[in-house]
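**Student:** Pasting a structure here, questions to come.
The values are calculated or read from the model by the stated rules, or taken from the named source; none is laboratory data. Being a predicted model, the structure only gives us computed values, none of them experimental. Cβ: placed from backbone, ideal geometry, glycine included. Neighbour counts: every protein chain shown.
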Amino acid sequence: MKLMTCPVNGTRPISEFICGGELRPMPDPNQVDDETWADYVFHRNGAAGIKAEWWCHTPSNTWFVAERNTQIDQVLRTYLYGQEEQS
Amino acid sequence: MPLRLLKFGLAKKYPEPRMFRQPDRLKPSYDAVIIGAGGHGLAAAYYLARDHGITNVAVLEKGYLGGGNTGRNTTIIRSNYLTPSGVKFYDESVRLWQDLSQDFDLNIFYSTRGHFTLAHTDSSLRTMRWRAEVNKHLGVNSELVDPDQIHAACPQMDIDCGGHTPILGALYHAPGSIARHDAVAWGYGRGADQRGVEIHQQTEVLGIKVKSGQVTGVATSQGEIETTKLLCAVAGSTPKLLEMVGLRSPLVIHPLQAMVSEPMKPWLDQIIVSGSLHVYVSQSARGELVMGASLDPYELHSTRSTLDFTEGLAAHMLDLFPFLSHVKIVRQWAGMADMTPDFAPMMGKTAIEGFYLDSGWGTWGFKATPVCGKTMAATVAGDRNHELIQEFSLDRFSSYQLVGEKGAASVGH
Ligand SMILES: Cc1cc2nc3c(=O)[nH]c(=O)nc-3n(C[C@H](O)[C@H](O)[C@H](O)COP(=O)(O)OP(=O)(O)OC[C@H]3O[C@@H](n4cnc5c(N)ncnc54)[C@H](O)[C@@H]3O)c2cc1C
């Protein structure tokens, strides 16, 4: 993977992007017990697979979601958060 | 000795004995099974057999012995860490390293070089002073040195780094060493084999059987086996194995790349590390410069290498050693580093009886190979975490008891 397609700025070199990690739903910190919260804070799905991840195009500070196969480093699609349907 | 070489080449049989046997099939059951024939798994097998008399052991390796991170690392060995638990652990490892060639009757090219971690900023100088004090308190040879002392030790280095990131000082660790990585795996493998352990290459673990919270066996590409003690030492494949038994962990896999230059006459005695420039370098017994940088910036389960890495590392090497501009890079590769958020390993017993873990060794686990083998063998044999690994357990994350080794482990090999 040498290129990444930002949903706003188009296809750019990968050096313009940073990865913000896997997209994960945050539990309500006021509702959950310490162990569930620790699970959210520390634990990850570390095995290879197709994952939805946060990425940021740094020159324009655009955060978006990329679906990527972490085994072969291939981006399947990218979209702005919440606009998955239109992609 | 060309004549001897010629005879060797023409001989029908191998005149030299093999390092270890190649058993043709798995037995139906073993007292203990170790997944991963890297340095860690083989060392654990070796000490299980030598120190605990447990010899009905199989080491299962999906590829070939030492073909994982053990055979891909830049072999820096040191003990000048930041947390007391880390320092004690690595210091014990350095002690074990010093006797290994003797122990194995095999030259592992252990070479004490002296290790400089360069500081280019006030804040890194401050962390180094802290580290030096923790180290000295625990009896580890470690001190802060100024630019003149660095220059005297390594006159080839440009202390000003071309003017943009001048070196302000360094943490100097006299026992810092390098060793021949393959020989470490072979030495442990041969020693384990001689004591009855079976090493099965080309044997991948595909599933782990657990009954009422207790390990009962493993399914492999060569058939099923029964065991009640299973040690998982698979570095970059750990999340996949944990998934098989349903354990959660913070591990994330990032590639770590390295490269070597063409061989040169010996000129670099020391091991030089710069966290700010993301460089670590030493010169091997063959004269090649062995160089590494920081982790690749995002998760990836593959050992591909990139041009970005070579270019970036070469540029930073030239900041330190401008005279190398004509030197060629001859090889480049990557390994999969299993990273924890606190830069400390995950070791010991787990919530599943009989499932022991030696993982989270990320970019810094080669130096720990002997002590991991020793402590994991004791843990597996006695079903009790060895005292040196108490703070490294997997459940520390659920109880918010992180170790905090980041200042010393992130890029500081
Ligand atoms: C480029 C690079 C540089 C490094 N530099 C240093 C350094 O300077 N100093 C330092 O201390 N550390 C360094 N490290 C870290 C060090 O290499 C590792 O932490 C250490 O070698 C891990 O050893 P291991 O035996 O646990 O893992 P490995 O050597 O990776 O062995 C694990 C084995 O498990 C096998 N395996 C995986 N899945 C399965 C399965 N399902 N079934 C059977 N077998 C399986 C693999 O094939 C592999 O052979 C570096 C790492 C890299 C990648």
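**Student:** Residue check: is A:Gln83 loosely packed, with under 15 Cβ neighbours inside 10 Å, within 13 Å of chain B (Cβ to nearest Cβ) and touching a residue at least 60 places away in the same chain (Cβ under 8 Å)?
**Tutor:** no
A quick yes/no check of all residues on (1) at pLDDT 95 or above; (2) surrounded by 22 or more Cβ atoms within 10 Å (Cβ to Cβ); (3) in contact with a helix residue (DSSP H, G or I) (Cβ under 6 Å, 6 or more places away or on another chain):
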residue: B:Ser212; (1), (2), (3): yes, no, no
residue: B:Glu226; (1), (2), (3): yes, no, no
residue: B:Ala235; (1), (2), (3): yes, yes, yes
residue: B:Pro239; (1), (2), (3): yes, yes, no
residue: B:Leu247; (1), (2), (3): yes, no, no
residue: B:Gln257; (1), (2), (3): yes, yes, yes
residue: B:Val260; (1), (2), (3): yes, no, no
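**Student:** OK, next. Out of the residues in region B:72-100 that are of a type outside the set (S, T, N, Q) and near the ligand (Cβ under 7 Å from one of its atoms), state the one that is nearest to the other protein chains (Cβ to nearest Cβ).
**Tutor:** B:Arg72
**Student:** Could you tell me whether A:Val8 is aliphatic (A, V, I, L, M) and in contact with a strand residue (DSSP E or B) (Cβ under 6 Å, 6 or more places away or on another chain)?
**Tutor:** Judged against the criteria, A:Val8 is a match.
**Student:** Name the residues in region B:333-348 that are over 14 Å from B:Ala293 (Cα atoms) and away from chain A (no Cβ under 12 Å), would you?
**Tutor:** B:Phe343, B:Ala344, B:Pro345, B:Met347, B:Gly348
**Student:** Sort out which residues of region A:30-52 are within 10 Å of another protein chain (Cβ to nearest Cβ) and of a type in the set (Asp, Glu), and write them in order of number.
**Tutor:** Correct list: A:Asp34, A:Glu35, A:Asp39.
**Student:** A further question follows. Give the residues of region B:87-102 that are surrounded by 16 or more Cβ atoms within 10 Å (Cβ to Cβ) and acidic (Asp, Glu), sorted by residue number.
**Tutor:** B:Asp91, B:Glu92
**Student:** Just checking, how many residues over region B:371-395 are hydrophobic (A, V, I, L, M, F, W, C), in contact with a helix residue (DSSP H, G or I) (Cβ under 6 Å, 6 or more places away or on another chain) and buried (at least 24 other Cβ atoms within 10 Å of the Cβ)?
**Tutor:** Residues that pass the stated criteria total 4.
**Student:** What strands (runs of 3 or more DSSP E) completely inside region B:222-316 contain at least 2 residues that are at the interface with chain A (Cβ under 10 Å from one of its Cβ atoms)?
**Tutor:** B:252-261
**Student:** Please determine, by comparing only the residues of region B:351-370 that are within 14 Å of another protein chain (Cβ to nearest Cβ) and outside any loop (DSSP other than H, G, I, E, B), which one is nearest to the ligand (Cβ to nearest atom).
**Tutor:** This residue is B:Ser359.
**Student:** Still on this structure: Report the residue count in region A:43-87 for those that are hydrophobic (A, V, I, L, M, F, W, C) and not in a strand (DSSP E or B).
**Tutor:** Total satisfying the criteria: 4.
**Student:** Now for a separate question. For B:Thr74, indicate whether it is polar (S, T, N, Q), at pLDDT 95 or above, under 19 Å from the mean Cα position of the chain (by Cα) and part of a helix (DSSP H, G or I).
**Tutor:** no
**Student:** If you don't mind, there's one more thing I want to ask. Output the residues belonging to region B:102-131 that are without any contact (Cβ under 8 Å) to a residue 12 or more places away in the chain and part of a helix (DSSP H, G or I).
**Tutor:** Listed by number, the residues that qualify are B:Gln102, B:Ser123, B:Arg126.
**Student:** Restricting to region B:200-221, give me the number of residues that are assigned to a strand (DSSP E or B) and over 23 Å from B:Phe20 (Cα atoms).
**Tutor:** Of the residues in region B:200-221, 12 are assigned to a strand (DSSP E or B) and over 23 Å from B:Phe20 (Cα atoms).
**Student:** Considering B:Ser302, B:Ser294, B:Ser276, B:Ser282, which residue is surrounded by 22 or more Cβ atoms within 10 Å (Cβ to Cβ) and of a type in the set (S, T, N, Q)?
**Tutor:** Exactly one of B:Ser302, B:Ser294, B:Ser276, B:Ser282 is surrounded by 22 or more Cβ atoms within 10 Å (Cβ to Cβ) and of a type in the set (S, T, N, Q), namely B:Ser282.
**Student:** Of all residues in region B:43-71, count the ones that are small (Gly, Ala, Ser), over 17 Å from the mean Cα position of the chain (by Cα) and more than 7 Å from the ligand (Cβ to nearest atom).
**Tutor:** Going through region B:43-71 one residue at a time, the tally reaches 3.
**Student:** What's the number of the only condition in (1) surrounded by 14 or more Cβ atoms within 10 Å (Cβ to Cβ); (2) part of a strand (DSSP E or B) that A:Asp39 fails to meet?
**Tutor:** (2)
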